[in-house]
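Colleague: If you scroll down you'll find the structure; I have some questions about it.
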Amino acid sequence: MIEPDPLALLSSEDWTALRELTERIDADPDVFGKWVAPERRREDGVTQIGHVNYGSVVREFLEFMYVMNLVVQFDWRGRRGKEAVAQGDLGPIRSATP
């Protein structure tokens with residue numbers, strides 16, 4: 001079954017909200033967040049890598065993208081996502097990741 005393009009389902013209010021979020025991000029690139037470096041090497045010898053602590057605007061953007069079903073999720077191990085997108089069949093992609 002071919003599912004509709006989620007972008008086509010966005011209302012004019014949704015597009016306005018998305019534009020406002022991108023404008024807020026563009027206005028201040030520092031709102032993306034900060035890199036958090038590991039504080040220390042673990043005692044068991046494992047090296048920890050850093051991570052990004054996203055800013056509030058980025059968290060709002062990500063939430064919007066997930067709520068509007070605009071984040072393509074797929075089975076990374078099976079790597080079937082690319083083929084499903086090419087075929088227009090987003091069902092397996094949406095069901096691959098909770």
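Values quoted throughout were computed directly from the atomic coordinates according to the rules given, and no laboratory measurement underlies them. Since this is a predicted model, take the numbers as computed values, not measurements. Backbone-built Cβ (ideal geometry, glycine too); neighbour counts: all protein chains shown.
Colleague: Under a 5 Å amide H to amide H cut-off, with H placed in plane at 1.01 Å, what residues pair with residue 33 once short-range neighbours are removed?
Modeller: 55
Colleague: Could you rank the peptides 64-72, 20-28 by their average count of other C-beta atoms within 10 Å per residue, with the highest value first?
Modeller: Values: 64-72: 14.0, 20-28: 12.4.
Per-residue mean Cβ counts within 10 Å order the peptides as 64-72, 20-28.
Colleague: How much length is gained if the chain between residue 16 and residue 66 is pulled fully straight, taking 0.36 nm per residue apart and subtracting their Cα-Cα distance, in nm to one decimal?
Modeller: So the extension gain works out to 16.3 nm.
Colleague: Give me the dipole magnitude in Debye, nearest 20, for region 6-74 about the Cα centre, with unit charges on the beta carbon: positive for Lys and Arg, negative for Asp and Glu.
Modeller: The calculated dipole for region 6-74 is roughly 320 debye.
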